[in-house]
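For reference, the structure discussed in these notes is given below.
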Amino acid sequence: MKAIGYQQAHALGAEQTLTDIELPMPTPAAHDLLVQVNAISINPVDTKIRSNASAEANSYKVLGWDAVGVVTAVGSEVSLFEVGDRVWYAGDLTRPGSNAEFQLVDERIAAKAPNTFSDAEAAALPLTALTAWELLFDRLQLPAEHATLQYLLIVGAAGGVGSIMVQLAKTLTDVTVIATAGRDASKQWLTELGADYVIDHHQDFAPQLSALGIDGVQYVASLNNTDDHIERIVAALKPQGKLGLIDDPQVFDLKLLKRKSLSLHWEFMYTRSMFSTEDMQRQHDILTEMASLADNGKIRTTATERFGSINAANILRAHELLESHQARGKIVLSGFED
């Protein structure tokens, strides 16, 4: 089968880079689906792994953790799917990724794809939707309704996770959503997605909130550059508020949270699959609910860039755009050339 892989960890522009390769067809184990991949999207995790993790000796590492495709074979214990089902999923960091014509995925972290979305439109969502859903509802534990007015501040909201988080928060809760962005195009994008307010993340948050008549927020979802924003975040949070984050801050002084009794919540979407947790099938359930929301017109795709067919050159272009930090929404690719 066709695939895109590499052997040595490398920066963009290095001599050893992503390459079009041929690999053997994988065979499904007990809970596995063998999926013929039709569309993928590119995420920051792809660029991080390419830069830092080499393949095992005499082999290739295949990236990619978003896919939509058709089930062509199933393992002996599969009960949730049948051959021919069209599925979507974000995969498992410990297994080969979706930059290949065929991929194995555990049925418990996949779901039937939304009927109303094209393959490319659907491929934009699984990883970011799972991350946003788990952060909002499993970590920060936002209820659907509050007795009093509540505010959610999403820091760095114009990327893939923020783009779907804004929609989920507005669709499934009564919280007031305040998003941060730096560029005018990003601010417009977030307004289109339903954010109640958009503020500038290059400026202190509290004065901007005060100008809106908001004296603090109960929830913060920090999606990037948390170590740069932490003091602004703490100043914006109300006492006993909750801070959730998904990035990798290099310096983080936890004592900043003590005075206000703020709680800290990490979200890593791959925890359930990486450790085969007892509630691993929760991701199947979330993606099933996401498909229902899509088919009922409650959420829209966050695909904003279409980079053509799935090959090394186009995936490298996507990596370059992500590493420029100018991307908004998601980059998608569809189909393998003959």
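Taking Glu134, is it under 26 Å from Leu223 (Cα atoms), assigned to a helix (DSSP H, G or I) and open to solvent by 10 Å² or more (accessible area, probe 1.4 Å)?
Numbers: under 26 Å from Leu223 (Cα atoms): yes; assigned to a helix (DSSP H, G or I): yes; open to solvent by 10 Å² or more (accessible area, probe 1.4 Å): no.
The answer is no for Glu134.
Among the residues of region 200-227 satisfying the criterion of being under 22 Å from the mean Cα position of the chain (by Cα) and of a type in the set (A, V, I, L, M, F, W, C), which is farthest from Gly156 (Cα to Cα)? Explain how you work it out, then say what you get.
Pass one, region 200-227, residues under 22 Å from the mean Cα position of the chain (by Cα): 201, 219-227.
Subset that is of a type in the set (A, V, I, L, M, F, W, C): 220-221, 223.
Values: Val220: 11, Ala221: 9, Leu223: 6 Å.
Going through the qualifying residues, I end up with Val220.
Report, ordered by the first and then the second residue, all pairs with beta carbons closer than 6 Å, sequence separation of six or more or different chains, a first member in region 190-202 that is closer than 18 Å to Gly213 by Cβ and of a type in the set (A, V, I, L, M, F, W, C), and a second member that is open to solvent by less than 30 Å² (accessible area, probe 1.4 Å) and assigned to a strand (DSSP E or B).
From residues that are closer than 18 Å to Gly213 by Cβ and of a type in the set (A, V, I, L, M, F, W, C), the pairs are Ala195/Val177; Ala195/Ala179; Val198/Ala179; Val198/Ala181; Ile199/Thr180.
Can you find even one residue in region 231-252 that is on the phi > 0 side of the Ramachandran plot, modelled with pLDDT under 95, in a loop (DSSP other than H, G, I, E, B) and not charged (D, E, K, R)? Full working, then the answer.
First, pick out the residues of region 231-252 that are on the phi > 0 side of the Ramachandran plot: 240.
Add one more test, that the residue is modelled with pLDDT under 95, and what stays is none.
No, that holds for no residue.
If you scan region 159-193, which residues turn out to be in a helix (DSSP H, G or I), touching a strand residue (DSSP E or B) at 6+ places or on another chain (Cβ under 7 Å) and under 20 Å from Thr148 (Cβ atoms)? First the steps, then the outcome.
If we filter region 159-193 for residues that are in a helix (DSSP H, G or I), which is where we start, we get 160-172, 184-193.
Subset that is touching a strand residue (DSSP E or B) at 6+ places or on another chain (Cβ under 7 Å): 160, 162, 165-166, 169-170, 187, 190-191.
Selection gives Ala169, Lys170.
For the subset of region 237-267 comprising residues that are among the polar types (S, T, N, Q) and touching a Lys or Arg at 6+ places or on another chain (Cβ under 8 Å), which member is farthest from Gln208 (Cα to Cα)? Walk me through how you get there before you give the answer.
Taking region 237-267 as the starting set, the residues that turn out to be among the polar types (S, T, N, Q) are 240, 250, 261, 263.
Filter once more, so that each one left must be touching a Lys or Arg at 6+ places or on another chain (Cβ under 8 Å): 240, 263.
On the way: Gln240: 21, Ser263: 23 Å.
Step by step, filter region 237-267, then rank; the result is Ser263.
Looking only at region 75-94, which residues are among the hydrophobic types (A, V, I, L, M, F, W, C), over 20 Å from Phe117 (Cα atoms) and in contact with an Asp or Glu (Cβ under 7 Å, 6 or more places away or on another chain)?
Scanning region 75-94 gives Val78, Leu80.
I need the full set of residues from region 293-338 which are in contact with a helix residue (DSSP H, G or I) (Cβ under 8 Å, 6 or more places away or on another chain), within 20 Å of Val45 (Cβ to Cβ), part of a loop (DSSP other than H, G, I, E, B) and not hydrophobic (A, V, I, L, M, F, W, C), in order please.
Within region 293-338, Thr301, Thr302, Arg328, Gly329 meet the criteria.
Within the bounds of region 27-41, is there any residue that is in contact with a Pro (Cβ under 6 Å, 6 or more places away or on another chain) and part of a strand (DSSP E or B)? Steps first, answer last, please.
The initial filter retains those residues of region 27-41 that are in contact with a Pro (Cβ under 6 Å, 6 or more places away or on another chain), namely 34.
Filter once more, so that each one left must be part of a strand (DSSP E or B): 34.
Yes.
Quick one: in region 13-53, of everything that is open to solvent by 10 Å² or more (accessible area, probe 1.4 Å), under 23 Å from the mean Cα position of the chain (by Cα) and among the small types (Gly, Ala, Ser), which residue is nearest to Ala312 (Cα to Cα)?
So, considering only residues that are open to solvent by 10 Å² or more (accessible area, probe 1.4 Å), under 23 Å from the mean Cα position of the chain (by Cα) and among the small types (Gly, Ala, Ser), the one nearest to Ala312 (Cα to Cα) is Ser51.
The values are calculated or read from the model by the stated rules, or taken from the named source; none is laboratory data. Fair warning: this is a prediction, and the values are worked out from it, not measured in the lab. Cβ coordinates were reconstructed from backbone atoms using ideal geometry, including for glycine residues, and neighbour counts include every protein chain displayed. Just so you know, the surface numbers come from the protein's heavy atoms only, side chains and all, with ligands and any DNA or RNA stripped out. Shrake-Rupley method; radii C 1.70, N 1.55, O 1.52, S 1.80 Å.
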